[in-house]
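I have placed the structure first, in the form of structure tokens, so that the comments after it can refer back to it.
Every number in this text was worked out from the coordinates using simple rules, so none of it is lab data. Just so you know, these numbers come straight off a predicted model, no measurement behind them. Here the Cβ positions follow ideal geometry from the backbone for every residue, glycine too, while neighbour counts run over all protein chains shown.
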Amino acid sequence: MTRRLTREGLLNLAVLAGLVILPLWALWADEPFTITLATRAVVLALAAVGLNIALGIGGLVSLGHAVFFGIGGYAMGILAHHAQTYTSVMEWPFVIEGTKNMPIIWLVATVVSAFAAFLIGLLSLRTSGVYFIMITLAFGQMFFYFAISWSEYGGEDGLSIYVRNSFPGLNTLVPIQFYGLCLAILLAALALYSALMRSPFGLALNAARQVPERVRAVGLDPFRLRLVAFVISGAITGLAGALFADLNRFVSPTMFSWQLSGELIVFIIIGGVARLFGPVVGAALFVALEHWLGGLSDYWHIYLGALLLLIVLFGRGGLIGMFAGRGKIHD
Amino acid sequence: MKFAKTLALTAALGALASGAAAEMKIGMITTLSGGGAGLGIDVRDGFMLAIEQSGRDDIEVVIEDDQRKPDIAVQLADKMVQSEKVDVLTGIIWSNLAMAVVPAVTAQGKFYLSPNAGPSALAGKGCHPNYFNVSWQNDAFNEAAGTWASENGIGKVFLMAPNYPAGKDMIAGFKRFFKGDVTEEVYTKLGQTDYAAEIAQIKASEADLVYYFLPGGMGISFMKQYAGSGAEKSVMGPAFSFDQGILGAIGEAALGVKNTSHWSKDLDAPGNADFVASFQEKYGRLPSLYAAQGFDTGLLLASAAGKADVADADAFRAALKEADFQSVRGDFAFGANNHPIQNIYMREVVKEGDVVTNKVLGVAATDHTDAYGGDCKM
Amino acid sequence: MSTILIIEQLLNGLQFGVMLFLMAAGLTLIFGVMGLINLAHGSLYMIGAFCAAAAAGLTGSFALGLVAALAGAAIAGVLVELIVIRRLYDKDHLDQVLATFALILIFSEGTRWIFGSFPLFLDIPAALSGPVALPGGIQYPAYRLALIVAGLIVAAGLFLLISRTRIGIQIRAGENDREMIAALGVDIDRLYTFVFALGAALAGLAGALVGAIQSVQVGMGEPVLILAFVVIVIGGIGSVKGALIGAVLVGLTDTLGKIFLPQLFALFMDPAAANQTGASLASMSIYVLMALVLIWRPTGLFGARA
């Protein structure tokens, strides 16, 4: 067991090294677009790390995490939109001004997503299995159609933010600096994930997934455990949404689409469910495939589909599982 | 400090490259996969045909597929600007993707030529000297239709469009010059495929005319269902719902429907017949209005390339603004906000032999300009 | 709003619901018997529509188009079951979701590769074009009436198949206890392939029937797929009866919501704003319905208690 864990640990270190070296190489080789692509992978990985808390540890297959991604995105879009037009977000009962300051935007994105996750979790967690998948999808669709017809903030056209928001002490318009910021947040989220998994809370949550009766027997409420996990999970995905919006300097209802929820799940499965670095490997591979296959043919979705199919049929436990053997937590 | 040096180096390398071979690089971001691919493929094919016929071998075109996703389009635009170092971008089909990409690339000093879509924001307050619309402002076809309806004694209309910004633009455009009454104004779900409920409302309505904007598959579904419903009100819309690719799928259900367009394959304009013939010969299908727009965009670009070096942005901008090319639409010029001044025609869907297609009835609006130029300060 | 208009809208909602049932029935059977979440069910709907359009285009006969749709979708279903789906039965839902998501990509782009990027032409048969007069002076499209009748006939046939035939007994046994049917000597592999092909054929039939009054284009299956999932979740997964009731409920909610919500808001808002707010809310109505049903009954209306 120790040997296997070490192998996964080594793999994680290699991925981490790649996340640092690749952009530095791109900087040296003057390939700024590679840095943009890497940033996209890192931000999507962050969103999937959030989902992995609910899905990997808690066994909650949410097909509605785009809700939080979109809320994070719109938190950024709305605040920055008002800041760039010098209007206030609301005047009554108290005045809220827009802002272009990243830490404040992140805070708002995280808090609002957490609150939404609390409400959605409260209602959705009464169900389980496929019903849970579908009720989270239903909430996703509600937000999607709402955003499309929300004309104050662009409706389907979305909102363009002309200049990337600022972070004290950094020039976020320089791709590598923004990348560094995103990577730091991803690492913090991974550290949180790892700590959660080992904490009594994580162990209880994991137990609630496998044998809820036993958890109940020791006086813990599985519903509460899951709700807390869902809230943390939604908050992290919301933060990723704010970063994604800043990366593109643009938000639109597609951030709420069910395809995006599906893609987040795909990242996790490709990488390996409940693996610390699973979402990171999955998102990086997906972004790379999307980029390289797109240049091959107009019909590149066929190749992408075939590859995904091969991973499911023959890759047990995702890519990390294939290279590092079975983990201790998941079957 | 270190980053500043890198940037300076990049700029120096860029200058060196453009000095070595005075060629121009074009980035085309358009929709080539998924449900909306037909439009992007037509724009691309029309554009490439024009470049090929121009005989210029100093124009290099990089083509990428945006999958109709705004975030992918933004990412590709970054790639075009940062890695490919293109001089001019073009190709986007959808208003929402244009809104995501255009402000960012023009702010970075690149040129953008729109071969389709013209959101009102980019024609008015958000206009930019480097943004040229070679197609239409979103309201144009609808304004012309509203004018035509008023002039032809139509008193009451039923309006219908999807509930999203382009849909609301289109409805507002129709109402701008329409003098009669709007009896109903219905907003449908984006991507809706069943219009039974709306058709029942139409049948119960007192309107003389149904005017609708439902692009792509939505329009196909509506027209097929309308034809079999027993409703007898006449129908009108902008050309998007009656384009060649769409008429093939609607069939005879569309016969007699009137629609407004700036181009038609039977339009009597210099070079149009040659364009239709050469497009059909090369690609084996009739060109659509998207293909015509792509073709005109290519012609415009080639004409400007013949007059100025793209490295001299001011001269190149002036060359674009002259619009010194023979559009397949006939007379074409840019207004002060770089949007087209062109005729909009009324067409009718007819059957020629076995093919359901459009026939030009006459001019609906002469030298039409958009309504937003007044807000444009540049 | 006249009574006639309301009855006409009820019929519209019923017709929409009946077509959704054809999709949802296969989906719920496949889940009930094999425990498989099949996201690619919408692709089979698309294949049915494309086969029908191609065959009707070649032969000029709508009936032959329907036959082609049934056959094409069933063959595609059998092939996909034998090659891919079969390997997914013992995997967890997550792997099934990913694999069938991959199948959507392959089917969609494959169809575009074969048929091109433009929508195909498929028209209703001449005998069913135009409206018919119903009692009470309602002019209703003959084709939509035919859809309602055809859908109800298929539904009745399906209930008979499940309740009265040998294979129906096996299907019901498969839903309840998988080991038992193996012990009874039923060839499970064949049963699974049959159920999958049956579901595929129903989806293909729905695609062809609906394709005649909609746009036959790549990607037409996904919106319907989502609705079909909403239906089976509302009805209770695995229950064909639930699927029927859920489908009609969703059809009516969607249709009536579109009509009445804008009018409801017009009572206390100005008309333009009421139209837009009503339309926005109407586009969310079925998802609100589904969330409400699940909050009230976490396993749907007729689902087995977890």
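Approximating the spin labels as points 7 Å out from Cα along Cα→Cβ, the A:W150-to-B:T366 distance works out to 4.8 nm. Among the residues of A:143-150, the average count of other protein chain beta-carbon atoms within 10 Å of the residue beta-carbon is 6.
Between C:V132, C:V231, C:V240, the residue with the greatest mean-square fluctuation in the GNM of chain C (Cα pairs under 10 Å linked by springs) is C:V132. Using the average count of surrounding beta-carbon atoms within 10 Å as a protection proxy, the listed peptides B:149-156, A:248-255, B:332-339, C:117-124 rank, highest first, as A:248-255, C:117-124, B:332-339, B:149-156. In the stretch B:238-307, taking the dipole from charged Cβ atoms about the Cα centre, the farthest positive-side position among B:A277, B:P238, B:T297 is held by B:T297. If you take the square roots of the eigenvalues of the alpha-carbon gyration tensor of the stretch C:95-163 and sort them as a ≥ b ≥ c, do you get rounded (a/c under 1.5), prolate (a/b over b/c) or oblate? Judged from the Cα gyration tensor, the stretch C:95-163 comes out oblate (a/c at least 1.5, b/c at or above a/b). The C:I169 and C:L79 beta-carbon pair, evaluated with R₀ = 25 Å, returns a calculated FRET efficiency of approximately 0.40. From the square roots a ≥ b ≥ c of the eigenvalues of the alpha-carbon gyration tensor of chain A, which class results: rounded (a/c under 1.5), prolate (a/b over b/c), or oblate? Oblate is the answer for chain A, as a/c is 1.5 or above yet b/c matches or exceeds a/b. Taking the convex hull of the alpha carbon positions in chain C and averaging its projected area over all directions gives 17.8 nm².
Take each residue in B:64-75, count the other chain C-beta atoms within 10 Å of its C-beta, and the mean is 6. Label separation (A:F323 vs C:I4): 7.1 nm, computed from points 7 Å beyond Cα along the C-beta direction. Each Lys or Arg adds one and each Asp or Glu takes one away; over the other residues whose Cβ falls under 13 Å from the Cβ of B:F334, this sums to -4. When C:W296, A:W92, A:W106, B:W94 are sorted by how many other C-beta atoms sit within 10 angstrom of their C-beta, beginning with the fewest, the order is A:W92, C:W296, A:W106, B:W94. Only Cα pairs under 8 Å and 6+ residues apart enter the sum, and on that basis the relative contact order of chain B stands at 18 percent.
Taking the average, over residues, of other Cβ atoms within 10 Å as the packing measure, peptides A:211-219, A:38-46 rank A:38-46, A:211-219 from highest down. Summarising the label geometry, the points placed 7 Å from Cα in the beta-carbon direction at A:V163 and A:L123 lie 4.0 nm from one another. Centre-to-centre, using Cα atoms only, the stretch A:4-26 and the stretch C:149-195 are separated by 51 Å.
Cross-link partners for B:K282 among the lysines, with Cα-Cα distance under 19 Å and sequence neighbours closer than 8 places in the same chain left out: B:K265. The calculated FRET efficiency for C:V149 paired with C:R190, based on their beta-carbon distance and R0 = 30 Å, is about 0.40. Here's the list of lysines a cross-link from B:K168 could span, going by alpha-carbon distance under 24 Å and ignoring same-chain residues fewer than 8 apart: B:K69, B:K125, B:K156, B:K179, B:K189, B:K203, B:K224, B:K233, B:K258, C:K258.
Ordered by the count of other Cβ atoms within 10 Å of each Cβ, fewest first, C:R144, C:R166 give C:R166, C:R144. Relative contact order, whole percent, for the stretch A:2-324 stands at 33, derived from Cα pairs under 8 Å and 6 or more residues apart.
Using Cβ point charges alone (K and R +1, D and E -1), the dipole size of the protein assembly as shown about the Cα centre works out to roughly 3560 debye.
Specify the residue with the greatest mean-square fluctuation among C:M220, C:M284, C:M46, computed from a Gaussian network of chain C linking alpha-carbon atoms under 10 Å apart. Evaluated over chain C, the most mobile residue of the options is C:M284.
When the Gaussian network model of chain C links Cα atoms closer than 10 Å, the mean-square fluctuations of C:T255, C:T59, C:T100 top out at C:T59. Positive-end ranking of C:I30, C:I181, C:S2 along the dipole of chain C, with charges on Cβ about the Cα centre, is headed by C:I181.
The mean number of partner chain beta-carbon atoms within 10 angstrom of a residue's beta-carbon across peptide B:226-232 is 6. The Cα atoms of the protein assembly as shown give a gyration tensor whose axes a ≥ b ≥ c have a/c of 1.5 or more with a/b no greater than b/c, which makes the shape oblate. The mean sequence separation of alpha-carbon pairs under 8 Å and at least six residues apart, normalised by the residue count of chain C, gives a relative contact order of 34 percent. Averaging 1/r over each pair of different alpha-carbon atoms in the stretch C:136-252 and inverting the result gives 16.2 Å, the Kirkwood hydrodynamic radius.
Each part gets one Cα centre, and for the stretch A:44-78 versus the stretch C:23-45 those centres are 27 Å apart.
Counting only aspartates and glutamates at least 8 places from B:K359 when in the same chain, those with an alpha carbon closer than 17 Å to its own are B:D243, B:E252, B:D266, B:D268, B:E348. From the residues A:L183, A:G158, A:H82, which one has its Cα farthest along the dipole of the stretch A:2-324 in the positive direction, the dipole being from +1 and -1 charges on Cβ of Lys/Arg and Asp/Glu about the Cα centre? Value computed over the given set: A:L183. When +1 charges are put on Lys and Arg Cβ atoms and -1 charges on Asp and Glu Cβ atoms, the dipole computed for chain C relative to its Cα centre reaches about 420 debye. Each residue in B:T193, C:T3 was given a count of other beta-carbon atoms within 10 angstrom of its own, and listing them fewest first yields C:T3, B:T193. In this Cβ point-charge picture (+1 for Lys and Arg, -1 for Asp and Glu), chain B has a dipole of about 780 debye about its Cα centre. Find the percent of Cα-Cα distances in chain B that exceed 40 Å, and round it to a whole number. Here the tail beyond 40 Å accounts for 14 percent of pairs. Both radii come from the Cα set of the stretch A:173-314: Rg as radius of gyration, Rh as Kirkwood radius; their ratio Rg/Rh reads 1.03.
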